Structures are given as C-alpha cells and as structure tokens.
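Since the structure comes first, as structure tokens, the remarks are kept for the end.
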Amino acid sequence: MARINDHYQKLSAGYLFPEIARRVQAFSQENAEADLIKLGIGDVTRPLPPAVIEAFQDGVAEMASVETFRGYGPEQGHLFLRELIAANDYASRGVAIDPDEIFVSDGAKCDCGNIQEIFSVDCRVAVADPVYPVYIDTNVMAGRTGPSDDRGCYENILYMPCTEENGFQPELPDAAVDLVYLCSPNNPTGTVATREQLAAWVAYAKDCGATILYDAAYEAYISDPGLPRSIYEIDGARDVAIEFRSFSKTAGFTGTRCAFIVVPRELTGKNSAGEDVSIHELWSRRHSTKFNGVSYPVQRAAAGVYTEEGKAQVLSLIEFYMENARIIREGLQAAGYSVHGGIHSPYSWLRVPGNATSWEFFDLLLDSTHVVGTPGSGFGPSGEGYFRLSAFGERERIQEAITRIQAKLPAS
Ligand SMILES: *Cc1c(COP(=O)(O)O)cnc(C)c1O
C-alpha cells in the first residue's frame with residue numbers, strides 16, 4: 001500500500017466547524033421547536049448584485065454560440081478582468097500594480113493555502129494568533145512544523161498573540177522569520193492594521209529578509225479613508241509582500257468563486273545556491289501548471305463588480321452588513337459586553353463574561369438564546385475567552401438575536 005503524507009496526521013481533526021455542527025444538531029434534536037439564529041459561519045447571505053448577475057448572464061450567453069464560445073482562457077485570468085482590478089483596486093488609490101502582476105483564481109482560500117508551496121520546507125513561519133486556520137494547516141501539511149502541543153500550538157510555528165493588551169495587532173517577532181501571514185481586517189478579531197503598523201511590518205520584512213503574505217479578503221469593509229486597504233499603499237511593500245484578495249466577502253462570490261493574488265515583479269527569494277529568484281516567475285509557473293483558469297462567465301461576473309452600477313451595488317451590500325455589525329456591537333455593549341472589531345469588519349469579537357471558556361459560552365448562548373456563534377479558541381490559543389459573531393445574516397434575525405441576548409444573557 002502507498003505511504004501517506006504523515007504530516008496530515010499532525011493536523012488536529014478539523015475541529016471547529018464540525019464540532020459546532022455537532023453541538024447544534026444535538027441541541028436541535030432535544031429542542032425541536034427552538035428557533036435557532038446562526039451567526040457563526042463566515043459566509044455571506046445576500047444575493048449577487050444585479051450588475052454582477054447581468055454580466056454573468058452575458059458571459060453564459062456567449063458560451064452558447066459558436067462565434068463567441070470560449071474554451072481555455074489564460075491561466076492567469078482574462079486581461080479584461082486583470083486590467084479592471086489594477087485600475088479600480090489599485091491605481092484609484094495611488095498604487096501602481098501591473099495587470100501582469102495579478103493572478104485570478106477560484107478563491108483566496110486556495111491562494112493562501114497554495115502559496116507556501118513555492119517556498120522551502122525549511123522556512124520559518126509566523127502567524128497571528130488567533131487567525132484564519134488555513135495559514136497554519138497548510139504549513140503543517142507541507143511538513144514545516146512538528147506536532148501540536150496540548151494548547152494546539154504546532155512546533156516550529158511562531159505564534160504572535162493578539163490580545164486586548166496589544167489591540168489585537170501582532171507584534172514584530174524578536175527573531176527573524178521567513179514568512180509572515182498577516183490578515184487585515186482580521187478574521188476572527190475584526191480589527192484592522194493602521195498605516196504605521198503595516199509600515200513597521202514592511203520595515204521588519206526588509207530588515208530580516210522575510211516575505212509578508214497579506215490577506216486582505218475583507219478590505220472592502222474598511223470605511224475610514226485613512227486606513228490602508230492594500231499593503232502596497234506602504235512604501236517598499238512591493239519588495240516584500242504578496243497580497244490576497246477575494247470577491248467572496250466583497251461582492252457575495254462565496255458560492256461563485258473568484259479571487260486574485262498580487263505578486264509584484266520586485267519580490268525575490270533565494271535558492272539554495274544563495275542566488276536571487278523571482279517569486280513572480282515561480283508563482284506563475286506553479287499557477288499555470290496546476291490551474292487552468294477561472295470559468296469565463298465567472299470572470300465576466302467579477303468584471304461586473306467594476307461597472308458604475310456594480311460599484312454602487314457592492315457598496316450598499318457592504319453597508320447593509322456593516323449596519324448589522326453596528327446593531328450587534330452596540331446591542332452587546334448595551335448588554336454589558338466588551339466588544340472589539342465590528343467597525344471595519346463584519347466580525348465582532350466579544351470578551352466572554354466571567355471566567356467561562358469560549359466553548360462554555362457557546363453552550364450557554366445556545367441554551368439560553370438559541371443563538372449560534374463561533375468560539376474564539378477555535379481560531380488559536382489566544383482566542384480562548386473570546387467569541388466571534390458574524391454580521392452576515394438578515395436584519396430581523398440579527399435584531400432578534402441581540403434582543404434575546406439582552407433579555408436572557410446580559411454580561412453583567
Ligand atoms: C473567507 C476568507 C477567505 C476565503 O475567501 P475565498 O475567496 O472564498 O476562498 C480568505 N481569507 C479570509 C481571512 C477569509 O475569511
């Protein structure tokens with residue numbers, strides 16, 4: 001029999017969302033009449049904007065006739081979409097990104113997970129704690145870590161605790177690392193990095209030769225024009241950073257699938273002979289070998305995001321979720337909770353009252369209010385004692401959830 005990749009067996013059994021599902025199902029079985037409100041999973045709930053649907057349908061119609069039919073497109077993505085991205089997401093904010101530096105993909109999850117392949121298995125990795133689990137798990141699979149300890153920390157990963165004390169922003173490591181994963185606005189804490197904080201990361205990366213892997217999946221939720229939406233708004237970032245973006249949380253593409261990654265031409269790594277190697281060329285090789293491009297109608301749909309109507313519709317989609325986030329944040333604060341995030345992010349990050357653990361609070365919230373959220377400890381050991389509530393949902397349900405929490409589970 002074939003030997004398996006032993007590193008997979010180091011993974012703590014994909015435990016967070018299956019465990020939530022298990023507890024919710026057990027609760028429902030005993031409480032068939034309970035009206036559950038799910039504010040747990042990070043998935044959008046509103047339909048695609050009309051301008052996107054129109055472009056999507058146009059793309060589908062083109063596939064129906066021999067004159068306009070498309071087969072394989074460029075692996076990197078159609079130029080029409082990469083040009084729109086460069087102009088609207090970057091040039092409009094004073095950032096020069098060439099369409100050739102953009103790789104369109106079927107998701108930021110895949111991109112964040114795949115990027116580590118082009119780096120040495122010996123690279124030392126730093127991640128914020130708590131954080132989106134994909135960064136760590138894919139490095140475990142690749143063999144960059146030892147086993148995990150009883151707190152769930154893998155050997156050889158540098159965890160950067162994000163706590164109330166540091167405003168949930170990772171602090172620069174004392175030591176040199178090779179790869180740093182940053183996520184802003186952060187999932188799960190909902191907090192956002194300032195220009196100064198990102199500038200410090202860029203300086204650190206230059207200093208120790210690290211590459212920053214910057215996940216900006218939620219950049220569209222940043223409403224303060226003074227906050228950076230791209231790491232390339234920081235001088236020098238082109239030399240040290242790769243950026244991940246997605247249409248998922250922005251324009252409702254979680255079920256449609258389209259995202260992109262920016263790999264600047266300046267970015268280099270070193271080979272074992274100590275020579276500089278273009279990261280752009282390595283990624284291009286990897287992407288075109290293992291990926292055959294995003295579906296043509298989906299790329300047309302993504303282009304619909306950048307029409308005048310599309311931009312306005314996406315903005316009102318974000319405003320809708322952000323109003324939900326405001327209702328959650330202010331409603332919980334009124335009930336005595338300490339709440340972070342929820343201003344430039346759809347996620348509110350609340351301190352679990354008393355000395356309960358994140359999972360104990362999960363059960364308490366479910367039992368007393370029938371509201372489902374996400375235990376902070378599922379995102380890393382420093383998430384213990386916190387809880388994530390998502391603003392993705394219908395307005396009345398969010399209001400109802402907050403009313404129940406205020407009535408049945410105030411924090412004081
Ligand atoms: C949702 C999410 C993504 C994944 O987006 P897809 O493009 O749908 O794969 C990436 N990063 C973070 C932090 C996310 O929360």
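Of the residues examined, D35 is not one that is over 24 Å from the mean Cα position of the chain (by Cα) and within 30 Å of D150 (Cβ to Cβ). Among residues belonging to region 276-285 that are open to solvent by 10 Å² or more (accessible area, probe 1.4 Å) and not in a strand (DSSP E or B), point out the one that is nearest to I318 (Cα to Cα). Out of the qualifying residues, it is S284.
Applying the condition of being closer than 22 Å to I261 by Cα, polar (S, T, N, Q) and free of Cβ contacts under 8 Å to residues at least 60 places away in the same chain to region 169-196 and asking which residue is most open to solvent (accessible area, probe 1.4 Å) yields T194. Set side by side, the residues Y90, Y135 differ, and just one is open to solvent by less than 40 Å² (accessible area, probe 1.4 Å), within 16 Å of the ligand (Cβ to nearest atom) and outside any loop (DSSP other than H, G, I, E, B), which is Y135.
List, please: which pairs have Cβ atoms under 7 Å, are six or more places apart or on different chains, and start with a residue in region 79-97 that is farther than 16 Å from S246 by Cα and end with one that is open to solvent by 50 Å² or more (accessible area, probe 1.4 Å)? Close Cβ pairs satisfying both conditions: R93/R229. Residues that are hydrophobic (A, V, I, L, M, F, W, C), under 17 Å from P264 (Cβ atoms) and within 16 Å of the ligand (Cβ to nearest atom) within region 199-221 comprise I212, L213, A216, listed in sequence order.
The residue of region 1-32 that is least open to solvent (accessible area, probe 1.4 Å), among those that are within 24 Å of S148 (Cα to Cα) and of a type in the set (D, E, K, R), is E19. Restricting attention to region 336-375, the residues being farther than 21 Å from F168 by Cα and open to solvent by 20 Å² or more (accessible area, probe 1.4 Å) number 6.
Take the residues of region 217-275 that are acidic (D, E) and surrounded by 17 or more Cβ atoms within 10 Å (Cβ to Cβ): which is nearest to T189 (Cα to Cα)?
E219
Filtering region 187-197 to residues that are out of contact with any Phe, Trp or Tyr (no Cβ under 7 Å at 6 or more places or on another chain) and either more than 24 Å from S348 (Cα to Cα) or within 16 Å of the ligand (Cβ to nearest atom) (or both) leaves V192, A193.
The values are calculated or read from the model by the stated rules, or taken from the named source; none is laboratory data. It should be emphasised that the depicted structure is a prediction, and the values quoted were computed from it without experimental measurement. Reconstructed Cβ throughout: ideal geometry from the backbone, glycine too, with neighbour counts over all protein chains shown. These area figures cover heavy atoms from the full protein model, side chains too; ligands, DNA and RNA do not enter into them. Shrake-Rupley method; radii C 1.70, N 1.55, O 1.52, S 1.80 Å.
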